[in-house]
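The values are calculated or read from the model by the stated rules, or taken from the named source; none is laboratory data. Remember, predicted model here, so these are calculated numbers, not experimental data. So basically every Cβ, Gly included, is an ideal-geometry build from the backbone, and we count neighbours across all protein chains shown. Just so you know, the surface numbers come from the protein's heavy atoms only, side chains and all, with ligands and any DNA or RNA stripped out. Shrake-Rupley method; radii C 1.70, N 1.55, O 1.52, S 1.80 Å.
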Amino acid sequence: MKFAQFFSTLFVALLLASPAVAQESQPVENAEFGVTITPPAKWEVTPGNDKAVASFKHQGSQSQIEVVGTKLVTPDVADVFFKTFHKTLTESDFEQTSQEETTLGGSKGMLTSYKFTHSGVTLEVVVFEFLRDSTAWLAVGYMQDADKADYIGDFKSVVENMKFKAAAE
């Protein structure tokens, strides 16, 4: 599925999503990436796309947070992965509204925000990208613009609370 189709489908799914797919809000452990990701309070663990290591949804607002990890052959190719993701957003008519280097939970990376309006609803997409060892990570938050101030802290807490196992474990 092309990225543009994915984001269009995700946008519609966020607006129409059913609570029936939600699971109990417990940390998500992923052995392949050696990470445990904890949902914020009042967010539910949900099935994500096939690339998501963890996916969470806030039922009241339909906001969503996904964490995607991609193992790289060498860490220096992370830039290509990140640029491709951002290019896909801008080519799908998402407007970049801010970008800054920041550190969340000990991970130094880039925090970027986008807006996309469809059918009178403005969707905010917040992306935090960082590299850890030979894995490129994207934490992506989807929320309506009116909800961003309420849920940006929850988004950041997901990254801040990621627990990585040591490579030797």
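Restricted to region 110-133, and to residues there that are at positive phi and without any contact (Cβ under 8 Å) to a residue 12 or more places away in the chain, the residue that is surrounded by the most Cβ atoms within 10 Å (Cβ to Cβ) is S119.
D154 meets each of the listed conditions (1) in a helix (DSSP H, G or I); (2) open to solvent by 70 Å² or more (accessible area, probe 1.4 Å) apart from (2).
Scanning region 97-107 for residues that are touching a strand residue (DSSP E or B) at 6+ places or on another chain (Cβ under 8 Å) and surrounded by fewer than 17 Cβ atoms within 10 Å (Cβ to Cβ) gives T97, S98, Q99, E100, E101, T102, T103. Being open to solvent by less than 20 Å² (accessible area, probe 1.4 Å) and out of contact with any helix residue (DSSP H, G or I) (no Cβ under 9 Å at 6 or more places or on another chain): is that true of G34 here? When the stated conditions are applied, G34 passes them. Sub-8 Å Cβ pairs linking a first residue in region 69-96 that is within 22 Å of R132 (Cα to Cα) and open to solvent by 20 Å² or more (accessible area, probe 1.4 Å) to a second residue that is outside any loop (DSSP other than H, G, I, E, B) and polar (S, T, N, Q), at least 6 apart or interchain, are T70/T135; K71/T135; L72/T135; F81/T70; H86/Q96; H86/T112, ordered by first then second residue.
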